[in-house]
Each structure stands twice: as C-alpha cells, then as structure tokens.
Amino acid sequence: MKVFCKALSSILTATILAINFVQFVSAEEEPASTQLLPSGMTVSDIDSVFQKYVADCERTDNVEYASAEIGIFRGDEVLYTGYFGETNLKTHTPADEESVYEWGSISKTLIWVSAMQLYEKGMLDLNRDIREYLPDGFFRHLSYDDPITMLNLMNHNAGWQECMRPFWSHDGDVIPSLKDGLQSLEPAQVHRPGEIVAYSNYGASVAGYVIECITGQDFCQYVHEHIFEPLGMEHTAYAPDHSDNEWVYSRRRQMRSYKMSGLLMSYTDLGACLYYDFAYPAGAATGTLDDLMTYAQALINGDAPLFSSPETQKLMFTATDFYGDSDIPICAHGFWPEEHAVRVYGHNGAMEFGLANMIFDLESKTGLVVMINEPNGNWFFNTAPDLVFGTLSPDKYGASAQSAELTGHYLNTRSYHRGMLRFFPYLTEANLTNTDAQRLSGNVYQLTEENQSMLIGARDVDGIGTVYELSSQDFIRDNAYLLHLALFTVYLMLAVAAYHFIIIRRKMKKHGKLTVQRGGAAIAAGQLAQLISPLLALASFVIFAYYHGGIPVLLSGIIGIAQMICIAICAYAAVRSVITAFTVKNGKLTRCKYLFNTVGCLLTCCTILFFQMYQFWGI
Amino acid sequence: MEKLKHIFAIDRINISSGKNKTFLFIIVMLFFLVFAGFAYSPAAVFIEGILVAPMIPELVFQNEMKNHSEKLWGILPVSRKELVNARFFYMIIAYFCIYLVLFVLMRISLALQLYDRWQNEPEIMEMIAQRTDGAISVKQIFYICAITGFAVGLTTVSSQLRAFFKHDKLALSLRSDEFFKSTKSMKLTDKIIPSIIVIVVFLFMFFMLGVIPLNAATSIFAQLIIQLIISAHGIPFCAVILTFSFLRLWYFYTCATLEYDDLEL
C-alpha cells in the first residue's frame, strides 16, 4: 500500500510538473503572428489587412502600388516581413530580400548615432560651437555670431534656410568632396541659432563633416567601421554613388521608381532615378529591408551594441526640444517622436526614388520599417504605421472641449526667406481656422480630423512673433500675408497689362493711329521692364525645378542682374512719367495713362525689392 | 446709346429671320452642358467657354450674310466704329447673361450632387481635391473652374468678333462648303491663335487626367499654376486670368476697330 501510494504520488507530481513545463515552453514560444502590437492588432491581423488589399487590387485589376517592403519586429525577434509588388513593372521583378531601397533622410540617424558615439568617447561636446571643429572660414554666409552647436544641428534650429543651389547631380563622375559640396551649397542663415526649427539637409550634412573633421576619417568610412560592420549590415551602401558596396551598386541599378500621376492615377516609370547627392550624409544610405531592420533593432536593444554604454543610447532618446512649454518631446537628438496610440521614435526618408520609414516604441521594443519605390507614397507606406502603433486618440492628452484660436496665415520655415526665391513660401502658406484645434495644457494644441490627431506647439519669439511648432519644422505667422500675396498678384497682373499695352501700341502704330508723346519711350521701357521681371521670376522657378531644387550660380547671377536692370528702368520710367504728367499740357486721359504707368512701375519695383528677386549672392 | 439700341434691333431681326441652325446649335449645346453638369460634374460650366462662346458672334454675322443685310450699314447713318462698339457691347452682355444662368444651374448641381448617386467613380473636382491632399476644397475648385471658363469664353467671344470684323467673308465661308478654301486667305496668325487656345485647354485636361504623362519640363508649369491656384483659395490665379481675359477683350476690340475701319468692303 505504501509503495503504491508513493508510486502514485510520484506519477502525479511528475505529470503536474510535465504539464507546467509544457505550458512554460509554450508561453515562451508564443507564435509571432499572435503577438499583440501597440495598436491592439496582432501581426496576423495586419497581414490579413495587407493580403486583403492586395487581393482587392488584383480582383478589380486596379493595382495602386509598385512595390513595398515591410518589417515588424519586437526586440531581437522579427515578427513579420512582407514583400509586395514589383520593383520593375516592365520585367515583373518581384520585391524580395535582395531588393534595395533608398533610406532617404533615415540616413541622418547614422550621423546622430555617430555623434553620440564620439560624445561618449569625449571627442565631441554637443554644446560646443561646431566652428571649433571645422576648418577656419568654413562658413561664408553666417548672419549671426551666436555659436552653432551639434545640438542645434540635431534639432534643425541652426537658422539656415533651404539651399538654393542644386543639391544633386545626374552625373556620377562629378561628385565633389563633402567639404567642397557643403561649401558650394551653403545657404543663408536667416534665423538666430536656437530660435526657429527648419528642417535642414545642409545642417545635418555639416554634422557629418564635423565627425569627419574630428575623426580624420572619411565619414562614409567611419559609418561602415562603427555601425554597418559591427551590426553585420553587409547590404547597405552610404557613398553617393554606392561605390562603397559593390553588391548594392549592382542591385540599385536594377531598381526602378514609379510615380502615380494625373486624375486617372496611371503609373509613370521614372527610371532608375539615380541622383548623386552633394551632401550625401543627409540622405544617401541605400540597402535592403533586412539591414534597415537590423539597424533599427540595434537602436532599441537594451545592450546598446552601437555604444559602449546603454546610458548613451538612453541619452540619445531623451528630448532635446519640446512642444510649447510642455514635456511632450518634439525632437530627441535628431530622432523625431511621433504620437500614435503610443509614442514612437524614429525618422522617415523621402527621395526622388522613393520613401522609407523607421519607427519604434521604446517601451514595448516594437518597431516598423517600410520601404517603397514611389516618391509620392502608396497605401502600404501610409497605413502601416497606424496599423502597428495605432493613432493618436483625441483623449490621450486630455484635449479640452474649448476650441483654440489658431487663425491666420502661416509661412513654412523650411523654405526660402532670403534671395530670389523668397516668393515661394507665399505660394505654400498654411491657413488655419479656430475650429480645427483644441487646446491642451500650456501652449500645446491638438488638431483632430476624422479621428486622427496631431500636436502643435506654440511659442512667441522676439522679433518674429507667434511661431507654431510641428514635427521637424516651425510655421511663422505672417499678419500681412494677404498684403504680400496681393503685391505679388498685382505684379503678375501688371505683366499681363504691360504685354497688352505693348501689342496694342504696336497695332495702333501699324495702322498709323499712334500719336507721338513726350516720355513715350520711357513709358514703353517701363512697360517692357514690367513684363520682363515676372518672366525672370518664372524662369527662376523653372530653373529651380529643372535642377531638382536649386539654381546654379551663373544662372542666378544672370537673373539677379537682369532684375536689377528692371528696377532701374522702372524707377526711371516712374519718375519720367510723373514729370511728364504734370509738366506737359495733357488731356485728362493722357495724364491718367502716365500716372497709371508710374504706379505700375513703382509697384513692380516694390515687388522686386520686397521679394529680393535681384539677390543672387549669399543665398 | 440710341444707335446701339437700333443696331441691336437690326441684328435681332437678322437672327430671328428664317431657319437658324446656329441658334439651334447653341440651344442644344446649352442643354447638353446643363445635363452634363447635373449628370456628371458641375465643372461642365468650364467647357461653355469653348463650346458655346464662339457661337455667339457667329449667330449674328452668319445671318447678316445670309440675309445680305450687311449692305444696310452702307446706307444707315452708322459709322464702322459705332457698329464695332455696339456688337462688342451687347455680345459681351449676352455672353455674360448666358454664363450667369449656366453658373447658377451648376451651383445648384453642386449643392444637389445628383451625379454622386449613380457614378461609381468620384466626380472630377473631388478627384482634384483629393490629389491636392485637401489643400483646396471642391467648392473652391468649382469657383475657379467657373471663373476660368468665363475668362476663356470671354477671350473666345472677343477673338471671334475681331475675326469676323477683319474678314468680311468669314461668316459666309463658315456656312458654305468652301470653308477650308476661304480660310486659306486668312493670315496664319489668325488661324493659329484660336487653335492654340483650344489645344492648350485640351492638353491641360489630358495632363490632369494623366492621359499624357507630364515630363519634367511641363510639370514645372503645371506646378506653378497649381501653386497659384492653391494659395489664398485661388484668388491670385483668378485675378490674373480675369485680367488676362479683359485685356484680351480690349486688345481684340482695338484691333477690330482699326481693322474694320481699314477694310475695303
């Protein structure tokens, strides 16, 4: 009996232990597909959504994407990889593990990680003037003596406007060194450092050059040695022509980019879309989905494989700028926090070739990377972040029911505020109405539209006024926006009027009906200048777009000098018209004609001067 | 003013005499546009400037030729300039009235949105609004289309008036089978400009629809126009295009006055 009881209890104990062991093992091996993501969906839910979209597109024979690659991970574990579409619609090459995409501005995180590595080693002081690291006289267009620190570069508030010189070249044989490239691109510094945030590719690339100066090593080589190689990222290139990785070089030239255009949404083949970046640290990294995911996983790895100490990695994700006077971060050492159901950190990238996104939740260690070959985006790129991380609920920060006064016209700081393209921001203003925003605590607002929200910070800056902060750029309120736009509109209308006055005068002369008047030549010259000046402004716009966001020095010089000549002619014509109107005996109609010409010439002069259309230097 | 009324009265008699295919054509086109505006898109108001506007001067000049009443002006105490003034004046007024009626009807169509009830695809203005990511609303697009259509039509009416005053046989040739033979005598510039206007409008439509892909150069112009349209609810764009059309009217009026004066009838 005793033996029987002992045997029975042993068997029972063993059974219980075995059951617990099986449950324990099963719990550790929970399938990736059933793991819950911050949005509340599981990976298999998300995959179903993707597959349904693909099936719907195929069923309706209406494919609205070229290709997309998506990776979802948690910690070291890859939960999901998805390859959709074709990288070459003509040869029907499917997207796969060997497809390479451009990181775009995600490349900037390589600069910030490198900077933190040097900071950790005591080689870089984030609060020190970067001019102390750079060669003497490196900057030639600075407007302020205030120090520009690495933190200013990370926060994109060093004060530079957008570059007006061509940023890219089609010719891979003409890529200058990073130093020469940056010196040719240097834009005007239009704000005091630390005052205004304006996303700056130039500023980020300067940070890369600072690292180059400190280490004495080519920046691309530094990144390979200290980031790519330690992580085993063998399929990523960083040089502007991809020459630092043969495999990527070859694969990249097989990729095609596509763009949906027109109301009928048909695809245009943009070709390989190879552009060679003069300031490559800001956006030249190119590689596979796996490599980008490896990099992202390293950034959230508690062991911080890219740093000597995990504390440095933690410091990297602490906020360096906030919304308004709140504690909600807007920037963390170059990484941009995004508010979804959870707060995520990361960066996205946009190039002529395509888009990429890398974001992760530091709490749950969940991350997402997306890469596509369409510069205008597609469904996968737009929906994946919300599917994984959810959306910012209107209640997350306790938005009050009280609507906030955000009326007015706002100019984007990431634009041209000095020089001949100064009229650009006036054509792209943001117009807010007070029914759009709700006030949170402090100077933070929340804009909600169709259950999706975004945050806006606000602050007052001396000499500038109210500034609204969005992620990566500020918007400055322009109380006289309509007046400025009206000035530009009248400038265009005067050109139309001048053209017609010229052709009417020609017609009348041809039929012998034109009477010779004193000052007629001055009037004619003034009208010609009123016509030519807007054509020059249009030419600057066309040249700017043709060179993919920049005007070469020679062409800008020609346009600038021509605009100066127009000012001189208009000023002379205005004075001459006034003198003739009041000194010579004229009928009322004739006098009105002279005065109209005077007003037209003066308005044209004012427009050219206000919008600095003559300025081709120091920009 | 009295002379203007008399000239208008004579032209009215000409129009209402006998069969008038052009008048019938205008009525049919207007009905078609109204139907299209309710069934497909209120943006049909834009097309009025191309389809109906050129018919208005033709209506008067063709019937004048048909009834041989152009010889009347040789004996009536009306100068050529007064004739030009009168016809420009009342035809522009007529065009404006027709356009106003069409605009009101299309505005009603926009409010009722009957086209949404049976179409599977979004209406064209909704597609444009989507493509601009909501930077400009459907209503704003409608007003911009309406103003642009008015401007195009005004230019077309004034251009046609000038052409008829310049070429005394033009109205006759348009009725007859000798149209192409007659137009050979027209100057190249007189043929090109109206053709260019029509081609540009259709090209713009094809670009917007993506039937013709935009290359880098042409997309730049489209981008500039779109920027002007988007800024300040499209007011700068509308101001510029209306200025252009009114100045074109003035130019064509001046040309008509000078050329008709010199014309040997």
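So how many residues does segment A:150-185 have that are over 26 Å from A:ASP462 (Cβ atoms) and not in a strand (DSSP E or B)?
Of the residues in that region, 21 qualify.
Any idea which of A:LEU536, A:LEU603, A:LEU528 is under 30 Å from A:SER184 (Cβ atoms) and surrounded by 15 or more Cβ atoms within 10 Å (Cβ to Cβ)?
Exactly one of A:LEU536, A:LEU603, A:LEU528 is under 30 Å from A:SER184 (Cβ atoms) and surrounded by 15 or more Cβ atoms within 10 Å (Cβ to Cβ), namely A:LEU536.
Give the residues of segment A:104-128 that are surrounded by fewer than 16 Cβ atoms within 10 Å (Cβ to Cβ) and in contact with a strand residue (DSSP E or B) (Cβ under 9 Å, 6 or more places away or on another chain), sorted by residue number.
Matches in segment A:104-128: A:ASP125, A:ASN127, A:ARG128.
Within segment A:30-75, take every residue that is surrounded by 13 or more Cβ atoms within 10 Å (Cβ to Cβ) and among the charged types (D, E, K, R) and give me the one that is farthest from A:TRP379 (Cα to Cα).
A:ARG74
For segment A:129-140, what are the residues that are surrounded by 15 or more Cβ atoms within 10 Å (Cβ to Cβ) and in contact (Cβ under 8 Å) with a residue 24 or more places away in the chain?
A:ILE130, A:TYR133, A:LEU134, A:PHE138, A:PHE139
Considering A:ILE456, A:ILE504, which residue is modelled with pLDDT of 85 or more, farther than 30 Å from A:HIS141 by Cβ and within 13 Å of chain B (Cβ to nearest Cβ)?
After ruling out the rest, the residue left standing is A:ILE504.
Residue by residue, here is whether (1) modelled with pLDDT under 95; (2) in a loop (DSSP other than H, G, I, E, B); (3) of a type in the set (Phe, Trp, Tyr) holds:
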residue	(1), (2), (3)
A:GLN23	yes, no, no
A:GLU30	yes, yes, no
A:GLU58	yes, no, no
A:TYR65	yes, yes, yes
A:ALA68	no, no, no
A:GLY71	no, no, no
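Looking at segment A:133-163 only, could you name the residues that are more than 25 Å from the chain's Cα centre (by Cα) and under 24 Å from A:MET316 (Cβ atoms)?
A:TYR133, A:LEU134
So A:VAL113 ticks every box in (1) outside any loop (DSSP other than H, G, I, E, B); (2) under 30 Å from A:ASP45 (Cβ atoms) but one. Which box is left unticked?
Every condition holds for A:VAL113 apart from (2).
Determine if segment A:243-258 includes at least one residue that is within 14 Å of chain B (Cβ to nearest Cβ), in contact with a Phe, Trp or Tyr (Cβ under 6 Å, 6 or more places away or on another chain) and part of a loop (DSSP other than H, G, I, E, B).
No, segment A:243-258 contains no residue that is within 14 Å of chain B (Cβ to nearest Cβ), in contact with a Phe, Trp or Tyr (Cβ under 6 Å, 6 or more places away or on another chain) and part of a loop (DSSP other than H, G, I, E, B).
For A:ARG418, which of the numbered conditions (1) charged (D, E, K, R); (2) crowded, with 19+ Cβ neighbours inside 10 Å; (3) away from chain B (no Cβ under 14 Å) fails to hold?
(2)
Could you look through segment A:209-242, keep only residues that are of a type in the set (D, E, K, R) and in a helix (DSSP H, G or I), and pick out the one that is nearest to A:PRO305 (Cα to Cα)?
Step by step, filter segment A:209-242, then rank; the result is A:GLU229.
Is it true that some residue in segment B:55-72 is more than 14 Å from chain A (Cβ to nearest Cβ), surrounded by fewer than 13 Cβ atoms within 10 Å (Cβ to Cβ), touching a residue at least 40 places away in the same chain (Cβ under 8 Å) and touching a helix residue (DSSP H, G or I) at 6+ places or on another chain (Cβ under 9 Å)?
no
Which residues, counting only those in segment A:88-98, are in a loop (DSSP other than H, G, I, E, B) and closer than 11 Å to A:ARG256 by Cβ?
Scanning segment A:88-98 gives A:LEU89, A:LYS90, A:THR91.
Checking the condition among the small types (Gly, Ala, Ser) and assigned to a strand (DSSP E or B), which residue from A:GLY85, A:GLY122, A:GLY137 passes?
Within the list A:GLY85, A:GLY122, A:GLY137, the selection yields A:GLY85.
Which residues, counting only those in segment A:422-434, are within 14 Å of chain B (Cβ to nearest Cβ) and either at pLDDT 75 or above or farther than 15 Å from B:GLY234 by Cα (or both)?
A:PHE423, A:PHE424, A:PRO425, A:TYR426, A:LEU427, A:THR428, A:LEU432, A:THR433
Restricting to segment A:548-589, and then to whatever is in a loop (DSSP other than H, G, I, E, B) and among the aliphatic types (A, V, I, L, M), can you tell me which residue is surrounded by the fewest Cβ atoms within 10 Å (Cβ to Cβ)?
So the residue we want is A:VAL584.
Could you check segment B:92-117 and list, in sequence order, the residues that are within 20 Å of B:THR22 (Cβ to Cβ) and touching an Asp or Glu at 6+ places or on another chain (Cβ under 9 Å)?
Once the filter is applied, which keeps residues that are within 20 Å of B:THR22 (Cβ to Cβ) and touching an Asp or Glu at 6+ places or on another chain (Cβ under 9 Å), segment B:92-117 yields B:ILE98, B:TYR99, B:LEU102.
Can you find, within segment A:252-278, the residue that is nearest to A:TYR209 (Cα to Cα) among those that are surrounded by 16 or more Cβ atoms within 10 Å (Cβ to Cβ) and out of contact with any strand residue (DSSP E or B) (no Cβ under 9 Å at 6 or more places or on another chain)?
Applying the filter and picking the extreme gives A:LEU274.
Of these, B:ILE26, B:ILE10, B:ILE92, which one is farther than 27 Å from B:PHE246 by Cβ and out of contact with any Phe, Trp or Tyr (no Cβ under 7 Å at 6 or more places or on another chain)?
B:ILE10
For segment A:519-570, which positions are at pLDDT 95 or above and of a type in the set (Ser, Thr, Tyr)?
A:SER533
Looking only at residues in segment B:116-166 that are within 14 Å of chain A (Cβ to nearest Cβ) and small (Gly, Ala, Ser), which one is surrounded by the most Cβ atoms within 10 Å (Cβ to Cβ)?
Among those residues, the one meeting the criterion is B:SER158.
The values are calculated or read from the model by the stated rules, or taken from the named source; none is laboratory data. Keep in mind it's a predicted model, so treat the numbers as computed, not measured. Neighbour counts run over all protein chains shown; Cβ positions are idealised from the backbone, glycine included.
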